[in-house]
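One structure is given below, encoded as structure tokens.
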Amino acid sequence: MLSRSSFTSLVVGVFAVYVAHTCWVMYGIVYTRPCPAAEDGAAGAAGGCVWPYLARRPKLQLSVYTTTRSSIGAESNIDLVLNVEDFDIESKFERTVNVSVPKKTRNNGTLYAFVFLHHAGILPWHDAKQVHIVSPLTTYMVPKPEEINLLTGESATQQIEAEKQTNALDEPVSHWRSRLTLNVMVEDFVFDGSSLPADVHRYMKMVQLGKTVHYLPILFIDQLSNRVKDLMVINRSTTELPLTVSYDKISLGKLRFWIHMQDAVYSLQQFGFSEKDADEVKGIFVDTNLYFLALTFFVAAFHLLFDFLAFKNDISFWKKKRSMIGMSTKAVLWRCFSTVVIFLFLLDEQTSLLVLIPAGVGAVIELWKVKKALKMTIRWQGLRPKFQFGAYNDSEKKTEEYDAQAMKYLSYLLYPLCIGGAAYSLLNVKYKSWYSWLINSFVNGVYAFGFLFMLPQLFVNYKMKSVAHLPWKAFTYKAFNTFIDDIFAFIITMPTSHRLACFRDDVVFLVYLYQRWLYPVDKSRVNEYGESYEEKSKKKAHRE
């Protein structure tokens, strides 16, 4: 059976191997080995090298068409929406065009964009060396519920009733993707034909020119730039919609990285992640540069490690705890209540699973802690549960007195603030339902004044002049995660109140650190496990 320290070392070791393996994989994606025979032209032709067609500097033209079909067979089925003559692959641009929306698309249908890169002056379907790529301009999502004033019934949006969708709120409807981001790989890179990267290979089109094999320009559509915030619901009365077409060149390393990231997002959706959840992941890649993205990866990896170690040590601490001496029961109850409320709030706001899942796991652990703190046992009498509570000893009762005293003073300040905030939001803020208002009122109280409920534990520490009864290992790991959360607060989309709460936790932990410095641990004092540091040192010396 592994000891606790051995298990922690094993976890850290596996984590280090995982990070090293990921770095090696990322290096393999960004760096591509060129064809070794490319330096000698004749040998390169016979050595299986694949040469870039763009090295010939052909005159190119960019054309964007729309159609309701996923494949085209005739010119009459498509509409030209953008034509860029004398297309310069080195120059970036952004243009907004109006796209005619067919009746089929307005009736919850799909519209596709066909992007052609072909020789200038030649129609794309007459050019044997053209390359094209297809992307849907529509996607299906459940519309966001309309918010109203719960007292007056006034709608947040003044829409005419006849223009509203007839679809039910729980049915996905067609949304318009207002952005189309194009890239062309511009490096004159010579590939080794015997070891073409699988990710780029599916975007490559080969042609034989004399004795050498060339690959035509690699055209790529950046799907990661399609964000939920840019989507627009397609109404039946809509005949035209704006489309912003942007272009920029891309390097081979970034192209390969972007292809892998798009595949990863697609895999998340296949595993059940919604469009909104996948959008949060897209935001991490699109809204940050590559260097900051690499930092984000390492920060996220350490966040995962510290999360695991914090949960492990917290559970281990409470599993072995038999006494509540020095521990504020009110603080445990409040932490449980606030964690459950935050989880329900994030669920109501349809927050990303990246935030929702850890919050749900934390809520379950806090409920289990309440059971331990109240010494609660559950016995079933048929289908009806019976709750029994254990008795407190004299030392625990003394702690409860300090706890009740702190809560008495807090209640004079906390309750009026929470009730006043709930009344103000009811009068001035619009919500989807009464349940939404109730959860928002609770969570605003938790976020705004929740740190006040940490004061009873600080008060108990002050009265007992000790912090030895606290789970400091779990606190340390949670502190690291708190500072990491400060970084993620600017990366992952989340409610503003949840973002501010991340910085509030920093202040709380700093106060705990001050108390740890103020009240040094007495090594002769018996801890909650019935052991002291000096006794353990004597046992080790005796064994030696």
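What the table below lists for this structure:
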item	result
For Leu82, distant residues with modelled amide H under 5 Å away	Val64
Amide H partners (placed H, <5 Å) of Val173, local residues excluded	Met141, Val142
In order through the stretch 423-438: 3J(HN,Hα) via Karplus (6.51 cos²θ - 1.76 cosθ + 1.60), integer Hz, x for Gly, Pro	5, 4, 5, 5, 7, 10, 10, 9, 10, 6, 7, 5, 4, 4, 5, 5
Rg over Rh, two decimals, the stretch 392-439 (C-alpha only, Kirkwood Rh)	1.30
Backbone HN-Hα couplings from phi across the stretch 85-93 [Karplus 6.51/-1.76/1.60, Hz, Gly and Pro as x]	7, 6, 5, 9, 5, 8, 9, 7, 7
Pairs of alpha carbons in the stretch 183-316 whose separation is greater than 18 Å (percent)	69 percent
Whole-Å semi-axes of the stretch 316-391's equivalent ellipsoid (Cα gyration tensor)	26, 17, 11
For Lys432, distant residues with modelled amide H under 5 Å away	Ile148
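Values in this text are rule-based calculations from the coordinates and carry no lab data. No experiment lies behind these values; they were computed from the predicted model shown.
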